[in-house]
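See structure below.
The values are calculated or read from the model by the stated rules, or taken from the named source; none is laboratory data. Keep in mind that what you see is a predicted model, and the values were worked out from it rather than measured. Positions of Cβ are generated from backbone atoms using ideal geometry, with glycine treated the same way; all protein chains shown enter the neighbour counts. Only protein heavy atoms, including side chains, enter the accessible area calculation; ligands, DNA and RNA are left aside. Shrake-Rupley method; radii C 1.70, N 1.55, O 1.52, S 1.80 Å.
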Amino acid sequence: MNILVLNCGSSSAKFQIIQTDLNMIKEGTERCLASGICEKIGAESGLVSMRATGKTGIKDKPYAMPDHRAAINAIFEWIDSGKAEIDGVNSLKDIDAVGHRILHGGEKIVKSTLIDDYVISVIEECIPLGPLHNPAQVKGIRACIDLLGPSVPQVAVFDTDFHSTMAPEAFLYPLPYDYYERLHVRRYGFHGTSHRFITGKYAETVGKAKEDVNIISAHLGNGSSITAVKNGKCIDTTMGHTPHEGLMMGTRCGDIDAAAILYIMEQDGLSVKEVDTLINKKSGLLGISGISFDMRDLEKAAFTDHNEKAKLALDMFVHRIVKYIGAYFAEMGGAEAVVFTGGIGENSPLIRGMVCSRLGCLGIDIDEDKNKGLPRGKGGEISKDGSKVKIYVLPTNEELMIARDTVSCVEAAKK
Ligand code: ADP
């Protein structure tokens, strides 16, 4: 099957076409045939970059995209153009199903599911819980139904899925209980597709059943979260009601005293919208360094240019990661491995080294030669042979997970 995997963000739409074996699900039988991104949707001029695997394709081509429907149209035009050179996909007729990454289905839907009117209505209902992503994702779904027709199955894969196994003591906030019942205020957790993929990948790497996996999965990217995985299931995760909670991130401050926010609002007369921008877009690595939200820029600023604020931003980022790994270690009653993934987790030996060097008390002993020598894009173990707790770097692949779920849902519906 050829699965189109679509990930619509607030102003972008990323896609991959993944070919899967019908008799899957077996690791290694899938191939990414093409990938691309439509950026600056809604801006005066958008940009599209798309290419078939191993081909040049198009890069940063200006394309007017007033909305997500126009972006999806751009992707479909390219697939249908006869010039895309995608192996085994000559037109839209060769797309067998679409898998959509969906941020939030609240408590009503968490498991991957075939999309119908009810599913769309739930995703729409959850727009207040995911105001940036859910509207874009609904538009993506509707555009695919209109442009591909109702006979091509579409599947929704939720970011919150993997975290639905958390117990009430982990997912509830100690607010009056009524806020959970009436407004569904609770911790949902995000990046679930990545943490789920990492749990499976780790099991496969060390030759274990998923149910026996006890790891701390650290997805460190622009958005960052850590998940405690006990017996293959999430028992706690750092993101909460929204992706804002937990670690310090590129532009999000993460955990903060809620009363400090009230104080800032009062002192500076900020509106709810202004505070939202402050804590989600202006804080984190960017807010402390004043330079950039991008880890590459900050590593250079801190260690080549000796910029104090950049160094402080890195120290704070690491401090919070160390704190959560320690907390989850206690919560889980010990873990067999810490696994790093995401843009920073996979590519920054510096951050991995800074984190692990502070975790010796837990029996975590990093091998700096392995850490620094790990080839880019490749996973592997980076702990010393005698390390009580192992350390792994495993590249995540959320798109593949979405493609696999899509095939499973489509196949299950045939039975
Ligand atoms: P997103 O949450 O947007 O998916 P990514 O997982 O792509 O983010 O991660 C982006 C982050 O990864 C950025 O902070 C970027 O600087 C960082 N990153 C990518 N490559 C490197 C590298 N070689 N060294 C350090 N950081 C890197």
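In the stretch 333-346, the residues that are within 21 Å of Glu299 (Cα to Cα) reach residues that are open to solvent by less than 20 Å² (accessible area, probe 1.4 Å) and of a type in the set (D, E, K, R) with C-beta atoms within less than 8 angstrom, at least six apart or across chains, in these pairs: Phe340/Arg352; Gly345/Arg352.
Quick check: is even one residue across the stretch 355-366 within 15 Å of the ligand (Cβ to nearest atom) and either buried (at least 18 other Cβ atoms within 10 Å of the Cβ) or assigned to a helix (DSSP H, G or I) (or both)?
Here is the first cut: in the stretch 355-366, the ones within 15 Å of the ligand (Cβ to nearest atom) are 355.
With the extra rule that they be either buried (at least 18 other Cβ atoms within 10 Å of the Cβ) or assigned to a helix (DSSP H, G or I) (or both), the set shrinks to 355.
Yes, the stretch 355-366 contains at least one residue that is within 15 Å of the ligand (Cβ to nearest atom) and either buried (at least 18 other Cβ atoms within 10 Å of the Cβ) or assigned to a helix (DSSP H, G or I) (or both).
Just to be sure before I move on: is Ile351 more than 16 Å from the ligand (Cβ to nearest atom) and surrounded by 15 or more Cβ atoms within 10 Å (Cβ to Cβ) in the structure I sent? In short, no. Filtering the stretch 53-72 to residues that are under 23 Å from the mean Cα position of the chain (by Cα) and not charged (D, E, K, R) leaves Thr53, His68, Ala71, Ile72.
When Gly207 is tested against the conditions (1) open to solvent by 10 Å² or more (accessible area, probe 1.4 Å); (2) within 16 Å of the ligand (Cβ to nearest atom), the lone failure is (2). When Ala260 is tested against (1) in a helix (DSSP H, G or I); (2) without any contact (Cβ under 8 Å) to a residue 40 or more places away in the chain; (3) open to solvent by less than 50 Å² (accessible area, probe 1.4 Å); (4) within 16 Å of the ligand (Cβ to nearest atom), just one condition goes unmet, and that condition is (4). Taken as a whole, the condition of being closer than 22 Å to Ser224 by Cα, open to solvent by less than 10 Å² (accessible area, probe 1.4 Å), at pLDDT 95 or above and not acidic (Asp, Glu) applies to Phe190.
Put simply, of Lys40, Lys83 the only residue that is within 23 Å of the chain's Cα centre (by Cα) and surrounded by fewer than 20 Cβ atoms within 10 Å (Cβ to Cβ) is Lys40.
What about Leu285, is it within 16 Å of the ligand (Cβ to nearest atom) and either aliphatic (A, V, I, L, M) or open to solvent by less than 90 Å² (accessible area, probe 1.4 Å) (or both)?
Working: within 16 Å of the ligand (Cβ to nearest atom): yes; either aliphatic (A, V, I, L, M) or open to solvent by less than 90 Å² (accessible area, probe 1.4 Å) (or both): yes.
So Leu285 passes the test.
Scanning the stretch 367-382 for residues that are closer than 20 Å to Arg196 by Cα and either open to solvent by 60 Å² or more (accessible area, probe 1.4 Å) or free of Cβ contacts under 8 Å to residues at least 24 places away in the same chain (or both) yields Lys378, Gly380, Glu381.
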